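Only one structure is covered here, and it is reproduced in the block below.
The values are calculated or read from the model by the stated rules, or taken from the named source; none is laboratory data. All values derive from a computational prediction rather than experimental measurement. Here the Cβ is made from the backbone with ideal geometry for all residues, glycine too, and neighbour counts use every protein chain on show.
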Amino acid sequence: NKVWVVIPAAGVGARMQADRPKQYLPLVGKTVIEHTLACFAEHPAVAGIVVAITDGDPYWAELTSIALSEQGTIHTAPGGCERADSVLNALDYLVNTLQVTADTHVLVHDAARPCLSRHDLDALLAAGASEAAGAILAVPVRDTMKRAQTHGLRISHTEERNGLWHALTPQMAALGVLRAALADALQRGLGVTDEASALEHAGLHPLLVEGDARNIKITRPADLALATFFLSNASS
Ligand code: CTP
Ligand code: MG
């Protein structure tokens, strides 16, 4: 059974402090988002991709003219105020415009994560295919984790590190379940920053699939140098 991929790409990249949204910055021969799309574009399990982009985004239009024009499988949906709004818009597009059925699995993956490996994508697809509660790529926390006091910068206590994970993307779930969970979380103003947290609010317990820590989200300027290194040494 094929999956659909949703790529939220409607952020402004404020923390990157660049002259354009970070997904359109150059990285090893193409833009960040072109690396991200390439992870999925030729995968045999992928039915198609919906990219959420800001209305009137000039950078996307530039890309489509050069690299994406032949990709009939890449669609766009309007971005929203927060990442979750962008994802929900793309899910709505899948349901309303493309008539994708509710039991079809979708993978949501940040445009700003260009270093996803084929190995990790395949691991998630394999683990998530039979998961009613969803599944996400994640890596175990390595550092000792401190909880700060409510005010100021003093340590309150050390959090138990065992069992703590960093949530990555892609995050996978059935279209109908995820759409309902996200819509509900947004309506309740829960401020969800990933798909799994919406599913958790719906009482589900998505599966953690251990992935590679190199699947970083480009957030701050130094992350571009890291991604450059990872993509240039992709076979290691
Ligand atoms: N995103 C989106 N719609 C939004 C906000 C974010 O589609 N309203 C996307 C971003 O384009 C990115 C992903 O969600 O691919 C992860 O978000 P984040 O890293 O926070 O990106 P930005 O919001 O662009 O960055 P910043 O928070 O620094 O402004
Ligand atoms: Mg953001």
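Restricting attention to the range 163-196, which residues are surrounded by fewer than 16 Cβ atoms within 10 Å (Cβ to Cβ), assigned to a helix (DSSP H, G or I) and not aliphatic (A, V, I, L, M)?
If the condition is that a residue be surrounded by fewer than 16 Cβ atoms within 10 Å (Cβ to Cβ), assigned to a helix (DSSP H, G or I) and not aliphatic (A, V, I, L, M), then D184, Q187 are the ones that fit.
Regarding the range 21-29, can at least one residue be identified that is under 19 Å from the mean Cα position of the chain (by Cα), within 30 Å of Q187 (Cα to Cα) and among the aromatic types (F, W, Y)?
No.
Is there a residue being among the aliphatic types (A, V, I, L, M), within 16 Å of ligand 2 (Cβ to nearest atom) and surrounded by 16 or more Cβ atoms within 10 Å (Cβ to Cβ) anywhere in the range 54-74?
no
Considering only the range 198-219, state which residues are within 27 Å of L88 (Cβ to Cβ) and among the basic types (K, R).
Selection gives K217 alone.
If you go through the range 137-153 one residue at a time, do you hit one that is more than 19 Å from A198 (Cα to Cα) and within 16 Å of ligand 1 (Cβ to nearest atom)?
No, because not a single residue in the range 137-153 is more than 19 Å from A198 (Cα to Cα) and within 16 Å of ligand 1 (Cβ to nearest atom).
Residues of the range 72-119 being in a loop (DSSP other than H, G, I, E, B), within 15 Å of ligand 1 (Cβ to nearest atom) and either hydrophobic (A, V, I, L, M, F, W, C) or under 20 Å from V192 (Cα atoms) (or both), which ones?
G79, G80, C81, E82, H109, D110, A111, A112, R113, C115, L116
Name the single residue, out of those in the range 1-15 being more than 6 Å from ligand 1 (Cβ to nearest atom) and modelled with pLDDT of 95 or more, that is farthest from I216 (Cα to Cα).
Residue satisfying both the conditions and the ranking: K2.
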